[in-house]
1. Check the range 313-321 and report whether any residue there is open to solvent by 20 Å² or more (accessible area, probe 1.4 Å), of a type in the set (Phe, Trp, Tyr) and either touching a strand residue (DSSP E or B) at 6+ places or on another chain (Cβ under 9 Å) or on the phi < 0 side of the Ramachandran plot (or both).
2. Under the condition of being acidic (Asp, Glu) and open to solvent by less than 40 Å² (accessible area, probe 1.4 Å), which residue from the range 24-65 is farthest from Glu138 (Cα to Cα)?
3. Listed residues Phe273, Phe351; which is at pLDDT below 90 and either crowded, with 24+ Cβ neighbours inside 10 Å or small (Gly, Ala, Ser) (or both)?
4. I need every pair where a residue in the range 175-194 that is closer than 14 Å to Val35 by Cα has its Cβ under 9 Å from the Cβ of a residue that is surrounded by 15 or more Cβ atoms within 10 Å (Cβ to Cβ) and acidic (Asp, Glu), sequence separation at least 6 or different chains.
5. Report the residue count in the range 140-163 for those that are at pLDDT below 85 and closer than 19 Å to Asp50 by Cα.
6. Listed residues Asn41, Asn110, Asn114; which is in contact with a Phe, Trp or Tyr (Cβ under 6 Å, 6 or more places away or on another chain) and of a type outside the set (Phe, Trp, Tyr)?
7. Out of Ala20, Ala13, I need the residue that is in contact with a Phe, Trp or Tyr (Cβ under 7 Å, 6 or more places away or on another chain), in a helix (DSSP H, G or I), under 29 Å from Ser230 (Cα atoms) and modelled with pLDDT under 85. Which one?
Amino acid sequence: MAVLWIAAQRAGADVGVLGALQYGAALFSGAFVGVYADRWNRRRTMISVDLLRAGLVLLLPLADVFGALPLWLLVAVGAALQALGPLFDASLSASLPALVPDKSLLTATNGMMNTTRRIARLIGPLLVAWLAGIMPIENLFTLDAISYAISALTVLAIGAGYAWKAQSLDLVPGWRGIVGEQAAGLRVLHAQPVVWWGIVGSALPSLLWGMVYIAGIPLLAKTEFGNDISAYSYLVSAYGLGNIVSNVVVSSASIRRRTAVLWAGHLVLAFGFVWIGAAPVLWLAMMGAFVAATGGPMGDLMLTVLIQDHVPPAHAGKAFAFLYTMWTASMVAGLLLATPLFTAFPVRAVFVAASILGVAFSVFGLVKFGRTLAAPP
C-alpha cells in the first residue's frame with residue numbers, strides 16, 4: 001500500500017513503469033529459483049528469505065529518519081523483495097504435500113494458507129486508512145519488516161521433522177545444471193496438458209491484474225474518487241473481503257472438474273474489473289472489487305492443487321517457480337502497458353476495455369478446457 005501510494009503521488013501514471021521494474025526483478029529470479037527450491041532445504045530457505053526481506057524493508061524507514069526517502073531506493077528495495085518472493089513462495093507451495101499426509105486435504109490446506117494471505121489483504125488496507133492519519137506513511141515499512149520476522153519465527157516453529165528437501169536427483173553443478181533441471185521440469189509439465197495450459201492460460205488474467213489492479217486502482221482513486229488514500233484503501237479492502245469469502249467456499253467444496261472452476265475464476269475476475277471501471281461512485285466500485293476478488297481463489301487454488309497432485313515432488317519447486325514467473329511476466333507486461341494507456345485515455349475507459357478482453361479470453365478457455373480432467377499422477 002505505502003509503496004504504490006508514494007509512487008503514484010510522485011510519479012503519476014509512471015507508477016506502471018516503476019511497478020514493472022520491481023516485478024521485472026521477480027521475473028529474472030523466477031528463471032532459476034525453482035531449481036534451488038528443489039535442491040535446498042525448503043524450511044531453511046524460507047527462514048533465510050524472510051530475515052533478508054525484513055532487513056531490506058528496514059532500510060526505508062531508516063532512510064526517512066536520516067533525511068529523505070528517495071524514489072530510487074523505494075524502487076530498489078521493492079525490486080529486491082520481488083526477486084526474493086518467488087524463492088519463498090515456490091518453497092512453501094512445494095512443501096505442503098509433505099506436511100499434509102492425506103492428499104484429499106490438499107485443497108483445504110491450500111485454502112487455509114491462502115486465507116491468511118487474503119485476510120492480510122483485507123485488514124492491511126483498513127489499517128492504512130487509520131494509521132495514515134496518525135503517523136507518517138513511511139512508518140508502515142517498519143511494521144512490514146516486523147511481519148517478515150514473525151513469518152520467519154513461524155516457519156522455524158514448525159520444526160525440522162518433515163521432508164523439507166525433495167529427494168535428490170543427479171545434480172549437475174553450475175549454470176549447465178540449472179538449465180538442464182529447468183528443461184526437465186518443463187518436460188514434466190508439458191506431459192500434463194491440462195496443468196500446462198492452466199499455467200500458460202493464467203497469463204492474460206495476470207496481465208489484466210497488473211494493469212487495472214496494481215496500477216489502475218490507485219490511479220482510479222486519485223482521479224475519480226477524490227485523490228484520497230482512504231478511497232484506495234476501501235477498494236483494496238473490498239477486494240480482500242471477496243478473496244476471503246471465495247477462498248472459504250472453494251476450499252470447503254469437493255471439486256472434481258478443477259479446470260472448469262479455474263477458467264470460471266478468470267471470467268469472474270475480468271467481469272468484476274469491468275464493474276469497477278464502470279462504477280460511477282465509490283460504493284459501487286467496492287462491490288465490483290468484491291466480485292472480481294471472488295474469482296482469484298477459484299483460479300489460484302485449483303491450479304495450485306493441480307500442480308501438487310500431478311507434478312512429482314522433485315520437480316514441484318520448478319513447476320511453481322514457472323507458474324510465478326508466468327504470472328510475473330504477465331503483470332510486468334500489464335504494468336508497462338498501463339503507463340501509455342492511462343496517459344492517453346481516461347482511467348475508466350482503460351479499465352472497461354481491457355477487462356472486456358479478459359472476459360472474452362476467459363469464455364474461450366472455459367469452453368475449450370472446462371470439461372477436461374487432468375491425467376492421473
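The values are calculated or read from the model by the stated rules, or taken from the named source; none is laboratory data. These numbers come from a predicted model, not from an experiment. Cβ coordinates were reconstructed from backbone atoms using ideal geometry, including for glycine residues, and neighbour counts include every protein chain displayed. Heads up: the accessible areas ignore ligands, DNA and RNA and are worked out on the full protein's heavy atoms, side chains in. Shrake-Rupley method; radii C 1.70, N 1.55, O 1.52, S 1.80 Å.
1. Looking through the range 313-321, none of the residues is open to solvent by 20 Å² or more (accessible area, probe 1.4 Å), of a type in the set (Phe, Trp, Tyr) and either touching a strand residue (DSSP E or B) at 6+ places or on another chain (Cβ under 9 Å) or on the phi < 0 side of the Ramachandran plot (or both).
2. That would be Asp38.
3. Phe351
4. Qualifying pairs under 9 Å: Glu181/Asp38; Gly185/Asp38.
5. Counting residues in the range 140-163 that are at pLDDT below 85 and closer than 19 Å to Asp50 by Cα gives 1.
6. Going through Asn41, Asn110, Asn114 in turn, just one is in contact with a Phe, Trp or Tyr (Cβ under 6 Å, 6 or more places away or on another chain) and of a type outside the set (Phe, Trp, Tyr): Asn41.
7. Ala13
Let's see how each residue does on (1) within 17 Å of the chain's Cα centre (by Cα); (2) in a helix (DSSP H, G or I):
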{"site": "Ile255", "(1), (2)": "no, no"}
{"site": "Thr259", "(1), (2)": "no, yes"}
{"site": "Gly272", "(1), (2)": "no, yes"}
{"site": "Thr294", "(1), (2)": "yes, yes"}
{"site": "Leu303", "(1), (2)": "yes, yes"}
